[in-house]
Amino acid sequence: SFASSTGFRYKAPLKNLSSSLREANKRQQTLSFWCENNVYDPTSTCTAAMQNQTSSPSYPLCYSSDPQAILAHTADWRRYYERVFRLRQLELDYVVAHLPEYIRQAPKVFLVGESEGGMVAARYSNPELEKLLASGGRIILQWSCESNYYTSCSEDAGVGGAKSTPILNMISAHDPYFSASPESVAFKVANDPRGYGQWPLTGNCFAKLLDQGFENATVIVLSKTIYHGVTVNSANVVRALLKAFLAEPRAFKNVGLKNFEAGGNDLCTELQRSQGVTLLTCGELGDEDSVPASEFSACAYKSYEFHKEYYEYGTYEMCASGI
């Protein structure tokens, strides 16, 4: 929605994406595989409407989740975040209504989102889409499915769709926005007398999926990364888990996961299994030290340290990552 013309939020897209990517991938330091942004003009910013400035246009649905700002105006922020969801809901309604026939006839269809998109992928429900997801599933990344600063009320933290739809949720144990870590935005808002959100937090979707009676759901808490993005320090295990879930979404919880537990590659440990929901903690494939972005990329997040070793790759992955 950043490249839309609605006026709610905007970042200028690259004018010729394919050409820009080809040019970037000619140089080791700008390989698009590691870049923080491959889609938008790097000089374009989405300035929040609440930010005092006169140098650039501002947009009402561009925002930064600052705990102190939220705590100063809790009722306003609860309404605000609900409007963010409403925008994405309307976008998805349009997409579902105009799905091409090749998607409607596809053997498996998945709804995937991360962060704000993860919240939307969890909450969004549409009868026409649910028919398609029955053969695929929902993938909820970097979202905890909890009542926290990012939802207007506890009812809005629920997961939509059919209870039998396969679900995979992955989030860092130290996610800076939605985890139960004392450093997260959700923790700071819920733990303040002025704040809101459930208490205590769990930092993942397990409790909500169990409470709602989902029948085929897997929740993965990633222990090796401190970042919001789940692939910075856990790319190999995340890729392997996604690959297994996409291959056999209905069998993943009871069959595919066995390859990751004791007797398999031993990357994951089951913490709890109840009714149709399983909770696991997973490490990372490969014990190499993380590398500062500045040592290998001019376009990766400069403050991040990446687990750069790339396992389970094929010809195209090797080409993209520069390995």
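The table that follows gives values for the structure above.
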read-out: Ser303-Arg273 pseudo-label distance in nm [points 7 Å out on the Cα-to-Cβ vector]; value: 4.0 nm
read-out: Of the trypsin sites (Lys or Arg not before Pro) in the stretch 116-194, those whose Cβ has at most 14 other Cβ within 10 Å and which sit in DSSP loop; value: Lys163, Arg194
read-out: Estimated 222 nm signal from helices in the chain, with DSSP H stretches of n ≥ 4 weighted -39500 (n - 2.57), rounded to 500; value: -7500 deg cm²/dmol
read-out: Probe 1.4 Å, protein heavy atoms only - accessible area per residue of the stretch 4-69 in square angstrom; value: 66 Å²
read-out: Carbon and sulfur %, accessible surface of the chain computed with the full protein complex present, 1.4 Å; value: 53 percent
read-out: Dipole moment magnitude, nearest 20 debye, the chain about Cα centre, only Lys, Arg, Asp, Glu C-beta charged; value: 760 debye
read-out: Spacing of the two label points (7 Å from each Cα toward its C-beta) at Ala48 and Ser135, in nm; value: 4.3 nm
read-out: For q = 0.09 Å⁻¹, Debye-computed log10 I/I(0) when each Cα of the stretch 182-323 counts as one equal scatterer; value: -0.36
read-out: Alpha-carbon centroids, the stretch 99-132 and the stretch 221-235: separation in whole Å; value: 24 Å
read-out: Convex hull of Cα atoms in the chain, direction-averaged projection (nm²); value: 17.4 nm²
read-out: Sequence-distant residues sharing a close amide H with Phe306 (under 5 Å, placed H); value: Val291, Ala293
read-out: Virtual spin-label span in nm between Glu36 and Ala162, 7 Å along Cα→Cβ; value: 4.1 nm
read-out: Charge dipole magnitude, Cβ of K and R +1, D and E -1 - the stretch 131-234, Cα centre, debye nearest 20; value: 220 debye
read-out: Mean projection area, nm², convex hull over Cα of the stretch 75-211; value: 8.0 nm²
read-out: Cross-link reach list, lysines versus Lys108, counting only Cα pairs under 16 Å and skipping chain neighbours closer than eight places; value: Lys131, Lys243
read-out: Where the stretch 115-243 is the region considered: accessible area per residue in Å², 1.4 Å probe; value: 32 Å²
read-out: Among beta bridges that DSSP assigns inside the chain, antiparallel share in %, nearest 5; value: 30 percent
read-out: For the stretch 242-286, fraction of C-alpha pairs farther apart than 18 Å, in %; value: 25 percent
read-out: Among Pro176, Pro127, Pro100, residue whose mean-square fluctuation peaks in a GNM of the chain (springs only between Cα atoms under 10 Å); value: Pro100
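The values are calculated or read from the model by the stated rules, or taken from the named source; none is laboratory data. This one's a predicted model, so the numbers in the text were calculated from it and none came from an experiment. Cβ sites come from the backbone with ideal geometry, for glycine too, and all protein chains shown count toward neighbours. Surface areas here come from the heavy atoms of the whole protein model, side chains and all, with no ligands, DNA or RNA. Shrake-Rupley method; radii C 1.70, N 1.55, O 1.52, S 1.80 Å.
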